[in-house]
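This report refers to the structure that appears directly beneath it.
Rule-based calculations on the coordinates, nothing more; no lab input. The structure displayed is predicted, hence computed values, not measured ones. Don't worry about glycine lacking a Cβ; one is built from the backbone with ideal geometry, like all the others, and counts go over all protein chains shown.
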Amino acid sequence: MKSNEQWTSKLGFILATAGSAIGLGAIWKFPNVVATSGGGAFFLVFMLFTFGIGLPLLLAEFVIGRSTGKEAVSAYKELAPNSKWHYVGYLGMILCSILLSFYSVVGGWIVLYTIRGFTGQLLSPGADYGQLFTDTVSNPWIAVLSQGLFMLITTMVVVKGVKGGIEKASRIMMPGLFILFVILIIRSLTLPGMAAGLEYFLKPDFSRLSSEAVLYALGQSFFCLSVGASCMVTYSSYLGKNEPLGKPALSVVSLNVMTSLMAGLAIFPALFALGMKPVEGPGLLFMTLPAMFEQLLYGEFFIAIFLVLFLFATLTSAFSLLEIVVAAYSKGDSNKRVKGSWWIGLGIFLLGVPSALSFSGHPLFIWGDKPIFDWADFAVSNVMLPIGVFLISLFVGYRFPKQRLEQEWAYIAPGWRMGMHAYLFMLRYVLPIIVLIVFVNGIL
Ligand code: PHE
């Protein structure tokens, strides 16, 4: 059944889609990888991949969703009846469920830190923030309850549907995110001694860029743009028939790169100005930020702002992860949406409990050399997303009905027919080969 839900406008679509894209990838993973993979050089390569490979893929998902007006599984079924292509939709649902299961663990930490920030319990001179982070994530009760709280907020918004829930929340959260970022960047760039951090982040040093980092940049560009999960198929299915596709896609990609840039500008100059070194690992933000803000005038206020922004970004991504599953179940039926959202939300919460308990130190939650949390991230980022991207690229390249692609192309780059052929060539040959290389390397 065709869904009767719709975004109220193009802007609503852009904000919700940018909301999905901008999240832990840009704010939590990105500074971490930059710190370890070559600073400015990594950023350049990441930008190249995001525009050169991520953008065409985002368009591919948009084309599938908008041309059918159906959530992911039904969309593939309509476009390729009597085939197995709709398994790409199921892959997306499973991927998003696993992704949300550990995403919500980090989301839970953010909720907790935000509460601490607002109640003045976060910053205290001389505190050991590394220890605070370890104590937080290793306490099983705290970890599971905060993860549950994050899932509860996510579900409460998705229950309300596309217009009244996701779009409404994104309309407030996304502009809020940008304003708050600007405040933080001004603060960071006006600190004495910030130049070293600026240089570290922006000056490309290609000697520090390993081949591994290049591969990582590609994976990061998929993760950051939410492509490969068919999430964007479902989101674009709520877009009106005559709305353009090209400009929104470009806006989303640009906003996403801009956020990564802003995250870097907010963090690195301040980090260096305060004489701290960028460290690796999931704790980077949680350990260095409080230490950083503690030394700033009005630090208590600024860290609360940062955490809210971080929470907004994470929530708007979580909405899209839950939405693809809920939409596949409810197929536009609002009664089914309400019931489905709660059950699916609960299911994903339970799925995430082992990830939440991963840092408790209990051997049950550590497999081989990695905690379950890391395995879930590995399965999604290094295995399922590349497979999804590979299949979607081939699907639109070979299987998508030509005539319909021509119709949609008129909303991407009207009048530029050559562009469509170049686009098809990319989807058929260039992207699958690049992705294959990355995939094999990622697995090894
Ligand atoms: N893009 C999101 C982020 O950067 C993660 C995500 C991936 C969301 C895939 C939906 C689908 O945090």
Checklist outcome for this item: Val396 meets each of (1) assigned to a loop (DSSP other than H, G, I, E, B); (2) buried (at least 20 other Cβ atoms within 10 Å of the Cβ) with one exception, condition (1)
Checklist entry - Tally time: how many residues in region 329-364 are buried (at least 18 other Cβ atoms within 10 Å of the Cβ) and among the hydrophobic types (A, V, I, L, M, F, W, C)? => result 7
Checklist entry - Where residues in region 119-141 are aliphatic (A, V, I, L, M) and in contact with a helix residue (DSSP H, G or I) (Cβ under 7 Å, 6 or more places away or on another chain), which of them is surrounded by the fewest Cβ atoms within 10 Å (Cβ to Cβ)? => result Leu123
Next on the checklist: Out of the residues in region 293-311 meeting the condition of being in a helix (DSSP H, G or I) and either among the polar types (S, T, N, Q) or in contact with a Ser or Thr (Cβ under 9 Å, 6 or more places away or on another chain) (or both), tell me which one is nearest to the ligand (Cβ to nearest atom).
Outcome noted: Phe310
Next on the checklist: Anything in region 199-213 that is of a type in the set (Lys, Arg) and in contact with a helix residue (DSSP H, G or I) (Cβ under 6 Å, 6 or more places away or on another chain)? List them, or say none.
Outcome noted: Lys203
Item to check | Criterion violated by Arg116 - all others in (1) free of Cβ contacts under 8 Å to residues at least 24 places away in the same chain; (2) crowded, with 24+ Cβ neighbours inside 10 Å satisfied | outcome: (2)
Checklist entry - Filter region 218-257 for residues that are assigned to a helix (DSSP H, G or I), among the aliphatic types (A, V, I, L, M) and away from the ligand (no atom under 14 Å from the Cβ); which is surrounded by the fewest Cβ atoms within 10 Å (Cβ to Cβ)? => result Leu250
Checklist entry - Does Ala273 satisfy the condition of being over 24 Å from the mean Cα position of the chain (by Cα) and either within 16 Å of the ligand (Cβ to nearest atom) or crowded, with 16+ Cβ neighbours inside 10 Å (or both)? => result yes
